[in-house]
Amino acid sequence: MKRFSLFVFLGMTLPFFAFPNSWEDTQLKKKGELELYWDTSVPFIWQDTNGEMQGLEYEVLLEFQQFLLNRKGIDLELNWIKAENFAGILAEIKNSPSANHLGVSAFSITDERKELYKFSSSYLMDVTVLVSSEGSPIVHGYDEIYKMLNTMEAVTIKGTSYETLLIDLQDRLSVDFDIRYIGSDENLLKEISSEEGLFGFIDLPIYMMDVKRGGKLSRQNFFTVKGQGYAYLLPKDSDWDEPFAEFLADSAVQEKVAAIASKYIGSELYEFIDYLYGYDQLGTLILTKEKEMQLALVQNANLQLEKEKGYKRILILGIAIALLFLMVIGVLFFNNIRKTRMMGNQKKQIEAQQENIQQKNEQLMNRNAQLLALNEDKNQLVSILAHDLRAPLNHIISVSSMLEGNELSEEDRKFMGIIDDSARTMSQMITKILDVNALEQNKSAVLREKVGVRHIIVDVVNRYRQAASKKMIHLDIHYPSVDAIMQTDHLLLFLVLENLLSNAIKFSPSKSTIVIKAEEEERTVLFSIKDEGPGFTEEDMKDVFGRFKKLSAKPTAGESSTGLGLSIVKKYVSDLGGQVWLESESGKGSTFFVSLPL
């Protein structure tokens with residue numbers, strides 16, 4: 001009697017047993033959570049090396065979370081739970097005591113599964129193909145099919161629709177082939193590609209992505225299965241299929257889901273699969289698409305080959321020009337050594353004869369002064385040539401290093417190695433040639449001539465326009481509407497502006513702007529070059545015009561810097577009777593100003 005009374009009491013207080021965490025309950029509370037059981041299935045769901053969730057299904061569920069918040073004011077929490085394997089998800093959802101448990105691992109909707117589970121609406125079309133190892137023949141008649149299945153081993157994942165299709169294939173054809181099972185977190189396509197004599201079912205998007213990358217698996221055209229679509233797996237009595245149906249039926253959501261799918265499998269493949277689903281003759285359409293993608297691969301490979309050949313020709317031409325310049329520098333350098341020694345010998349003879357031949361002493365001293373001037377001129381020429389050759393040599397080394405990362409033949413790699421070694425050797429020789437004292441002892445002869453301000457700016461900018469374009473740097477040029485004419489040395493002024501613009505490009509980030517400006521003031525012309533680079537620290541500002549000074553800022557694309565350019569600028573501006581100064585803040589770019597008399 002007591003037991004009966006207790007039962008009546010419970011029945012009065014709990015009129016029915018509600019399924020916990022239902023959609024109906026979530027709507028009332030305006031908040032809820034989903035327990036999401038998943039296992040790796042690229043590109044649908046996986047974790048990256050940082051432990052962050054990635055994949056098509058992951059992003060669709062984020063959209064679902066936002067949809068409920070925006071449309072219904074429901075705060076939904078997503079709890080991601082890593083299952084041991086694919087079969088573990090099926091068991092968890094089947095035996096789930098709660099309505100809010102979901103299976104998330106590219107589940108195909110099948111009639112057999114519908115008897116045990118409920119599915120959300122489909123978010124992506126489901127087509128499965130049979131593939132075999134690289135080199136296996138494409139079979140046609142029943143005899144060939146039977147022979148292939150008897151001599152090859154199937155590969156699949158336990159509990160998946162792939163396994164169901166293989167078992168169905170055994171039953172329909174009465175063939176008892178071996179089946180190799182791999183873990184659900186392993187790559188099925190990679191396993192089939194790993195050795196000969198393997199075959200298995202796999203999703204069409206995954207196979208087509210492999211074809212696009214140049215994969216060599218054989219697709220057996222006689223087994224192509226069009227499924228009911230991919231969906232999220234729900235417990236049989238769950239009511240969470242209702243909000244999913246509303247979510248996936250929304251036109252704006254459908255566009256977002258299409259964009260997400262295109263992101264992970266490519267827009268071309270997504271559109272093809274969507275188009276494919278309305279046709280029965282799947283094999284023919286897929287075969288046509290395969291050939292189209294394979295042809296595109298061949299065309300891309302040919303274009304890449306032609307591009308690499310063009311780079312190789314440019315490099316060879318560049319090396320030839322650099323070698324020629326190096327030979328000129330070498331001749332000048334060794335002539336300089338020879339004449340320096342000659343000058344030393346002559347000086348000794350003068351000193352020995354000074355006591356006895358007073359009359360010839362003056363002539364010999366004049367000759368000595370001429371030789372010193374010649375030596376200084378040669379030192380200056382060697383230093384300038386060596387400095388100016390560094391940039392093209394570094395371009396050659398940079399392009400060579402970039403090409404070494406591409407897939408090249410053994411012969412091409414050999415030639416690339418020769419080119420790289422030669423360029424680096426030349427760079428080292430130039431370093432040896434540079435004499436620290438050359439610029440200190442040298443005084444440039446200034447040639448006064450008429451120079452157009454606009455003309456010299458255009459010349460300098462045109463020389464470095466290609467270098468700026470490679471780093472996507474915009475060159476913004478401003479000069480007087482009426483061309484100002486200066487009485488100055490054209491070559492020295494050109495070298496000043498060239499060094500400043502070259503430095504601005506080296507130290508500017510990609511996609512920035514460099515402003516080159518010339519303004520005519522009272523009896524002077526003010527040149528300025530402004531960049532958006534790293535600027536100069538207070539410590540750098542003290543040594544900015546020093547010779548061979550390495551400052552804190554580094555070139556943004558790995559270009560070389562000797563620390564010589566700004567000292568050359570300082571000297572040449574001084575020779576031209578002008579002034580040069582710098583305005584800069586660390587992290588806010590810099591502006592170099594050069595003021596010269598008209």
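Can you go through 45, 74, 93 and tell me which one is touching a residue at least 40 places away in the same chain (Cβ under 8 Å) and under 26 Å from the mean Cα position of the chain (by Cα)? Don't jump to the end; show me each part of the working.
On the way: 74 fails: under 26 Å from the mean Cα position of the chain (by Cα); 93 fails: under 26 Å from the mean Cα position of the chain (by Cα).
Sole residue among the options that is touching a residue at least 40 places away in the same chain (Cβ under 8 Å) and under 26 Å from the mean Cα position of the chain (by Cα): 45.
Test residue 242 against the criterion of being closer than 18 Å to residue 32 by Cα, in contact with a Phe, Trp or Tyr (Cβ under 7 Å, 6 or more places away or on another chain) and not in a strand (DSSP E or B), and give yes or no.
yes
Yes/no per residue for (1) of a type in the set (A, V, I, L, M, F, W, C); (2) touching a Phe, Trp or Tyr at 6+ places or on another chain (Cβ under 9 Å); (3) surrounded by fewer than 19 Cβ atoms within 10 Å (Cβ to Cβ); (4) at pLDDT 95 or above:
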{"residue": "4", "(1), (2), (3), (4)": "yes, no, yes, no"}
{"residue": "7", "(1), (2), (3), (4)": "yes, no, yes, no"}
{"residue": "10", "(1), (2), (3), (4)": "yes, no, yes, no"}
{"residue": "14", "(1), (2), (3), (4)": "yes, no, yes, no"}
{"residue": "44", "(1), (2), (3), (4)": "yes, yes, no, no"}
{"residue": "58", "(1), (2), (3), (4)": "no, yes, no, yes"}
{"residue": "61", "(1), (2), (3), (4)": "yes, yes, no, yes"}
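Among (1) more than 29 Å from residue 232 (Cβ to Cβ); (2) within 41 Å of the chain's Cα centre (by Cα), there is one condition residue 128 misses while meeting the rest; what is its number?
Status for residue 128: all satisfied but (1).
Looking at the structure I just gave you, is residue 498 buried (at least 19 other Cβ atoms within 10 Å of the Cβ) and over 18 Å from residue 589 (Cβ atoms)? Write out each step before concluding.
Values: buried (at least 19 other Cβ atoms within 10 Å of the Cβ): yes; over 18 Å from residue 589 (Cβ atoms): yes.
Yes.
Would you check which residues across the range 404-417 are surrounded by fewer than 18 Cβ atoms within 10 Å (Cβ to Cβ) and modelled with pLDDT of 70 or more and list them? Steps first, answer last, please.
So the first thing to find is which residues in the range 404-417 are surrounded by fewer than 18 Cβ atoms within 10 Å (Cβ to Cβ), and the list is 404-415, 417.
Within the range 404-417, 406, 407, 408, 409, 410, 411, 412, 413, 414, 415, 417 meet the criteria.
The conditions are (1) modelled with pLDDT of 85 or more; (2) touching a helix residue (DSSP H, G or I) at 6+ places or on another chain (Cβ under 8 Å), and residue 215 fails exactly one of them. Which is it?
If we test residue 215 against (1) modelled with pLDDT of 85 or more; (2) touching a helix residue (DSSP H, G or I) at 6+ places or on another chain (Cβ under 8 Å), just (1) comes out false.
So for the range 62-70 (the condition being over 31 Å from the mean Cα position of the chain (by Cα) and assigned to a loop (DSSP other than H, G, I, E, B)), does at least one residue qualify?
Among the residues of the range 62-70, not one is over 31 Å from the mean Cα position of the chain (by Cα) and assigned to a loop (DSSP other than H, G, I, E, B), which makes the answer no.
It is to be established whether one or more residues within the range 154-172 are surrounded by 14 or more Cβ atoms within 10 Å (Cβ to Cβ), over 27 Å from residue 229 (Cα atoms) and not assigned by TED's automatic domain parsing to the domain that holds residue 39.
No.
Of the numbered conditions (1) more than 24 Å from residue 505 (Cα to Cα); (2) without any contact (Cβ under 8 Å) to a residue 12 or more places away in the chain, residue 466 fails exactly one; give the number of that condition.
The one condition residue 466 does not meet is (1).
From the list 56, 130, 124, 68, which residue is of a type in the set (A, V, I, L, M), over 30 Å from residue 194 (Cβ atoms) and touching a residue at least 24 places away in the same chain (Cβ under 8 Å)?
When all the criteria are applied, what remains is 68.
Residue 580 versus (1) assigned to a loop (DSSP other than H, G, I, E, B); (2) at pLDDT 95 or above; (3) of a type in the set (Val, Ile, Thr): which is the lone unmet condition?
Failed condition: (1).
(1) modelled with pLDDT of 90 or more; (2) over 28 Å from the mean Cα position of the chain (by Cα): which one isn't true of residue 589, the others all being true?
For residue 589, the exception is condition (2).
What pairs come out if I take residues in the range 509-529 that are in contact (Cβ under 8 Å) with a residue 12 or more places away in the chain and pair them with residues that are among the polar types (S, T, N, Q) and not in a strand (DSSP E or B) whose C-beta lies under 8 Å away, six or more apart or interchain?
509/556; 510/556; 514/508
Among the residues of the range 142-159, how many are at pLDDT below 85 and of a type in the set (Val, Ile, Thr)?
Matching residues across the range 142-159 total 1.
Of the residues 179, 273, which single one is modelled with pLDDT under 80 and in contact with a helix residue (DSSP H, G or I) (Cβ under 8 Å, 6 or more places away or on another chain)?
Residue meeting the stated conditions: 273.
Collect the residues in the range 38-61 that are in contact with a strand residue (DSSP E or B) (Cβ under 8 Å, 6 or more places away or on another chain), of a type outside the set (S, T, N, Q), within 18 Å of residue 189 (Cα to Cα) and in a loop (DSSP other than H, G, I, E, B), keeping them in residue-number order. Reasoning before the result, please.
Our first condition is that a residue be in contact with a strand residue (DSSP E or B) (Cβ under 8 Å, 6 or more places away or on another chain); within the range 38-61, this holds for 38-41, 44-48, 53-58, 61.
Next cut, of a type outside the set (S, T, N, Q) only: 38-39, 44-46, 48, 53, 55-58, 61.
Still in the running and within 18 Å of residue 189 (Cα to Cα): 39, 44-46, 55.
The answer is 39, 44, 55.
Working only within the range 227-258, note down all residues that are of a type outside the set (A, V, I, L, M, F, W, C) and under 37 Å from the mean Cα position of the chain (by Cα).
229, 230, 232, 250, 251, 254, 255, 256
Which number in (1) modelled with pLDDT of 85 or more; (2) buried (at least 17 other Cβ atoms within 10 Å of the Cβ); (3) under 28 Å from residue 451 (Cα atoms) marks the one condition that residue 535 misses?
For residue 535, the exception is condition (3).
Show me the strands (runs of 3 or more DSSP E) entirely contained within the range 469-525 in which 2 or more residues are under 23 Å from residue 390 (Cα atoms) and not charged (D, E, K, R).
none
So which residues in the range 82-107 are buried (at least 17 other Cβ atoms within 10 Å of the Cβ) and touching a Gly at 6+ places or on another chain (Cβ under 8 Å), if there are any at all?
The answer is 85, 86, 89, 90, 92, 93, 100.
Considering only the range 393-415, how many residues are in contact (Cβ under 8 Å) with a residue 40 or more places away in the chain and either assigned to a helix (DSSP H, G or I) or in contact with a Ser or Thr (Cβ under 7 Å, 6 or more places away or on another chain) (or both)?
The qualifying residues number 10.
Among the numbered conditions (1) more than 25 Å from residue 84 (Cβ to Cβ); (2) in contact with a strand residue (DSSP E or B) (Cβ under 9 Å, 6 or more places away or on another chain); (3) among the basic types (Lys, Arg), tell me where residue 147 comes up short.
Of (1) more than 25 Å from residue 84 (Cβ to Cβ); (2) in contact with a strand residue (DSSP E or B) (Cβ under 9 Å, 6 or more places away or on another chain); (3) among the basic types (Lys, Arg), only one is false for residue 147: (2).
The values are calculated or read from the model by the stated rules, or taken from the named source; none is laboratory data. As the structure is a prediction and not an experimental result, all values here were calculated from the model. Using ideal geometry, Cβ is built from the backbone for each residue, glycine included, and neighbour counts are taken over all protein chains shown.
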